[in-house]
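Enquirer: There's a structure below that I have some questions on.
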Amino acid sequence: RGWWLYRGGISLTSAVAAQTESQRKGFFEVFGKESAVIPNVLTLEDDSSIDKEDYVLWVGNSTADKQPHLMVDLARALPDVRFRMIMATSPSRPDTSFITDHLNELPNLEFAGEVPFSEIARHYKKARLFVSTSLCEGFPNTFLQSWQYRTPVVSLNIDPDGVLVRHHLGRLCGNLDTMIRDVAELVSDDDLLKQLGDNAYRYAYEHHSIEASRMAW
């Protein structure tokens, strides 16, 4: 019953917005209704004085689809790489022990817990790399927040409309072993990290700034 009520409600809408072209196509295939692609816009303050520190960042919530537990595996596989986790708990998974129980054995994994949005920018500014372990996403704001501060993204599964690979903004892995190799390679190559970070910054402002959004409309 819920599905049919939802479908009926969709049929009555006068306009539908999608984050990506793949969302637009999928929505049409399921509902037979066109939608307009409205890109996400940058949400953090502009700051050109970016001073990187030596850590890899993960930001998300504790839900199963974000797969935060994989950060334990990643930190264990790369003991010489520093990782920082920012994780908000969710009603479906309020217990953080699946991460915190491993911190004593993983001195390279820092767990910051939940961080207010007003303080999140400094973590992206200083991260050398951002990792995404999510199973599914639309267009992750975490990607834009990383790219805005010249932080390349290494993604396990998500590449919205193929921009990550096409614009050389990081790496798309497909499995954990590849992610481990990609993170290890990138953190050891300052020139490549800078190149990807510059690509990311340029892409973010050319496609997702307020000005770019206005021009698109």
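Enquirer: Restricting to segment 172-196, what's the tally of residues that are open to solvent by 60 Å² or more (accessible area, probe 1.4 Å) and under 19 Å from Ala77 (Cβ atoms)?
Expert: Taking segment 172-196 as the starting set, the residues that turn out to be open to solvent by 60 Å² or more (accessible area, probe 1.4 Å) are 172, 175, 177, 181, 185, 188, 190-191, 194-195.
Pick out the ones that are also under 19 Å from Ala77 (Cβ atoms) and you get 172, 175, 177, 181, 185, 188.
The total comes to 6.
Enquirer: Provide a single number: the residues in segment 150-195 that are farther than 23 Å from Ser48 by Cα and not in a helix (DSSP H, G or I).
Expert: 11
Enquirer: Before we move on, is Pro140 without any contact (Cβ under 8 Å) to a residue 40 or more places away in the chain and crowded, with 20+ Cβ neighbours inside 10 Å? Explain how you work it out, then say what you get.
Expert: On the way: without any contact (Cβ under 8 Å) to a residue 40 or more places away in the chain: yes; crowded, with 20+ Cβ neighbours inside 10 Å: yes.
Taking the combined requirement at face value, the residue satisfies it.
Enquirer: Additional query: Do we have Pro68 as over 26 Å from Tyr203 (Cβ atoms) and either open to solvent by 70 Å² or more (accessible area, probe 1.4 Å) or in a helix (DSSP H, G or I) (or both) here?
Expert: no
Enquirer: Let me spell it out: the conditions are (1) over 27 Å from Pro91 (Cβ atoms); (2) touching a residue at least 12 places away in the same chain (Cβ under 8 Å), and Arg122 meets all of them except one. Which number is the exception?
Expert: (2)
Enquirer: Can you confirm whether Ser118 is open to solvent by less than 40 Å² (accessible area, probe 1.4 Å) and either at pLDDT 95 or above or not hydrophobic (A, V, I, L, M, F, W, C) (or both)?
Expert: On the way: open to solvent by less than 40 Å² (accessible area, probe 1.4 Å): no; either at pLDDT 95 or above or not hydrophobic (A, V, I, L, M, F, W, C) (or both): yes.
No: the conditions fail for Ser118.
Enquirer: I'm trying to understand the selection: among the residues of segment 88-114, which are in a loop (DSSP other than H, G, I, E, B) and either of a type in the set (Asp, Glu) or open to solvent by 40 Å² or more (accessible area, probe 1.4 Å) (or both)?
Expert: Answer for segment 88-114, where residues must be in a loop (DSSP other than H, G, I, E, B) and either of a type in the set (Asp, Glu) or open to solvent by 40 Å² or more (accessible area, probe 1.4 Å) (or both): Thr89, Pro91, Ser92, Pro94, Asp95, Asp101, His102, Pro107, Glu114.
Enquirer: Failed condition for Asn108, given (1) more than 16 Å from the chain's Cα centre (by Cα); (2) polar (S, T, N, Q); (3) more than 18 Å from Lys52 (Cβ to Cβ), with all others met?
Expert: (3)
Enquirer: Now, a different point. If I ask for residues that are open to solvent by 50 Å² or more (accessible area, probe 1.4 Å) and within 18 Å of the chain's Cα centre (by Cα), which ones from segment 39-51 would you list?
Expert: At the first step, the residues of segment 39-51 found to be open to solvent by 50 Å² or more (accessible area, probe 1.4 Å) are 43, 45-46, 48-49, 51.
Within segment 39-51, Thr43, Glu45 qualify.
The values are calculated or read from the model by the stated rules, or taken from the named source; none is laboratory data. Because the structure is predicted, anything quoted here is derived from the model rather than measured. Note: ideal-geometry Cβ built from the backbone for every residue, glycine included; neighbour counts use all protein chains shown. In case anyone asks, the SASA skips ligands and DNA or RNA and just uses the protein heavy atoms, side chains included. Shrake-Rupley method; radii C 1.70, N 1.55, O 1.52, S 1.80 Å.
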